[in-house]
Each structure stands twice: as C-alpha cells, then as structure tokens.
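Here is the structure we will look at.
Every number here is computed from the coordinates shown, using simple stated rules; none is lab data. Given the structure is predicted, the values throughout are model-derived calculations rather than measurements. Glycine also receives a Cβ, built like all others from the backbone with ideal geometry; neighbour counts cover every protein chain displayed.
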Amino acid sequence: MQTFAKPVRAGFAALLLLVTGPALAGFPDKPVKIVVPFAPGGGTDLIARTMGIAMAQELGQPVIIDNKPGAATIIGTDAVAKSAPDGYTLVMATVAHVVNPSLQSKLPYNHEKAFAPVMLVGVSPNVLVVRAESPLKSVKDLIDAAKANPGKLSFASSGNGGAPHLAGELFQNVAGIKMLHVPYRGSGPAVIDLIAGRITMMFDATPSLLPHITAGKLRPMAAASPQRHRLLPDVPSFGELGLPGMDIALWYGVVAPGGTPAPIVQRLNAELAKIVDMPDVRKTLTEQGADMQGGSAEDFGAFMRNESARWSVVVTQAGIKRE
C-alpha cells in the first residue's frame, strides 16, 4: 500500500460548500483510496500510482494505492462494491470489470448496481505478434495456414477470459478460423513460449510486447486499433487489412461504489480530467503505450455497457468459462 500526500488548501471546504452544496461539503477531508485489483508492478498498478501522485496534489489529501489481487480482479472489486459510497474508496477498473459477469454466473456483488463510473483514463491497444523467425509473414499467411490446418495453430494468452484471450477468440470469429487457445498465468511466460516457438501467435498490449519487438525477438503483424499504433507506425491495423471490428484494447478507468452522490462523482471526474492532461502524466503513461482518454462519467458508463455487451457475445460464442 502506498500513500501520496499534499497539504489541504486553505478554505477548500468552505469554497466547495458554497459552490456545490452539502453533498460536497468538506470533500475530501481525509485520504482517498484507489484499489488496484492486481499485484504491484503491472500496467494497471503503474497507471494508478501515476494518477495517485497527481490526485494528491489536486485534491489536497493523501491518495493511497491499495493492491488487492485475486480471483480475476473480483476480490479487489468486491471490496470497493461494499465500501461506503462517499468518494473515498475507488477502484481502477479494466476490461475484466465488464467481462467477469459473463464469465462467472455468481458474483459477490450486483454488477448492475454496485458501481458508479467516474472516468475512462486510458486505453492500450493490443497487437498481434509472432516470433521473429516464424514462416508466417503476414496476417493473410496466418489465416491461410489456420484454414488449411484447423485447430493446429495456437494462440497464447495471459489467462483464461482475459483481454488477450478474448482478442484471440474475436480474431477467430472475424477471420473464420479455428485455433487452439493456450492460457498462461500472465503475459511473461506466454511470451517466453512464443519466442521459443512453442506457440504460433499472441495478442497483448504494447507495453508487454514492445521490449521483445525492439530486441528483434517478436514480429508485430497487425495493430488491433482503428488506426496504426503510434509506437508501431510501420505496422498496419486490422482495418487496413480488410478485417474490421478488430478494435481490441486493455483499458483503465476509475469507478466508485454505486450510490456515490453525483456531485462527488462530478468533482472526481473534473480532477481526473485535469490530471490526464498534465504533461508529466501524459508523458509517463503514453511512453507505456497507453492512450490518454477523459470524458464524462456518463461517457464512461456508456463505454462500459458497450464493452460488456460486445464481450458477452464473444464469451458465449466461444463457450469461455472461468477456470
């Protein structure tokens, strides 16, 4: 657990009361906690800690980063769902937040009512890679080989039901092919086997793959984003290759407990909007492959509903179940 602190600004509580009324009176007058439902050191943790430093400065209170990994983010997410809806406990949500209801019939919280979206912070598009020595030189080569050998080619993922797994399932649907899914416990071991030639291909976010691409161990074949990835300008997007709908990204957003008063959600949204525009924050996170976002809480809510509906179809078609 890590805390970022900044002294309270003079007159802050009184000003908030005059401008926004009793729902925001004195907010925040104690530390704010952001739960990261992953272990320290990953992409979500980095984003939360970068945002936490800036939030402490903007809110005038310490911001605590609390890592609660386990059960495919459900442990940390449940802790926030059961927290007081007062704006002091938040969760850094990812695609797992909207996919878990499709993967697991019984959750310890009511997903429809337990959360209030605050803001979409950033997205990190996925990239399709093969090992550098692969005889498959293009996406067309891969599709042709998969059609000629149904179920023989394989794709790795960082775990059953995660974004890289869903990306591979969507690719099979769009391309009309059948491959073997090989789940791993994290991206690291999956990449090792891909480089060793034990796996045919893999989708993952750019931060996990870029060092291996730069080192010449992996070859990117297509970016799963509407345009070419800014860190891989020479790699075509799937849309350019005639495969629309392959817009797949890891995303990161801040979510509060359901029932959090609208003025507090709006206050948090306004501060986060400032933070994602800060040059040092943008530099840190864009260097990690994240494209900074923003927008209203309502925008983020609509985004999550669309993501939930989209991936629910993929999960159902592929028959994916939680391990």
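If you fit an axis through the alpha-carbon atoms of helix 163-175 and take the longest principal axis of the Cα set of the chain, what angle between them do you get, 0 to 90°, nearest 10? The angle comes out near 50 degrees. What the Cβ-Cβ distance of H181 and D29 gives, at R0 = 56 Å and to the nearest 0.05, is a FRET efficiency of 0.70. Computed packing ranks the peptides 279-286, 82-89, 114-121, 29-36 as 114-121, 29-36, 82-89, 279-286, most packed first, by mean other Cβ atoms within 10 Å.
Ranked by how many other Cβ atoms sit within 10 Å of their own Cβ, fewest first, the residues H212, H181 fall in the order H181, H212.
Projected onto the charge dipole of the chain (+1 at Lys/Arg Cβ, -1 at Asp/Glu Cβ, origin at the Cα centre), which of P135, Q293, F27 gives the Cα projection farthest towards the positive end? Ranked along the dipole, the leading option is P135.
Within straight-line reach of K106, meaning a Cα separation under 18 Å, sit the following lysines at least 8 residues removed in sequence or on another chain: K82, K321.
Applying a threshold of 29 Å to the alpha-carbon distances of K68/K217; K68/K178; K68/K152; K33/K113 flags K68/K217; K68/K178; K68/K152 as lying beyond it.
Computed from Cα atoms, the angle from the helix 297-318 axis to the main principal axis of the chain rounds to 30 degrees. Approximating the spin labels as points 7 Å out from Cα along Cα→Cβ, the H111-to-S138 distance works out to 3.9 nm. Report summary: the helix-based calculation at 222 nm, which adds -39500 (n - 2.57) for every DSSP H run with n ≥ 4 and divides by the residues of the chain, gives -12500 deg cm²/dmol.
Cα convex hull, the chain: 121 Å³ per residue, rounded to a whole number.
Computed over all pairs of different Cα atoms, the Kirkwood value for the hydrodynamic radius of the stretch 124-224 is 13.1 Å. Per residue, the average separation of C-alpha pairs within less than 8 Å and at least 6 apart gives the stretch 211-323 a relative contact order of 14 percent. Over the stretch 124-224, Cα pairs under 8 Å with separation of 6+ residues give a relative contact order of 46 percent. Calculate how steeply helix 43-59 sits against the longest principal axis of the alpha-carbon atoms of the chain, using the helix alpha-carbon long axis, and give the answer as 0 to 90 degrees to the nearest 10. Between helix and principal axis, roughly 20 degrees.
Of all aspartates and glutamates in the structure, the ones whose alpha carbon falls short of 12 Å from that of K30, not counting any fewer than 8 places away in one chain, are D86. Relative to the current alpha-carbon distance between R305 and E240, full extension at 0.36 nm per residue lengthens the span by 20.7 nm.
Using C-alpha pairs under 8 Å with a sequence gap of at least 6, the mean separation divided by the residue count of the chain gives a relative contact order of 25 percent.
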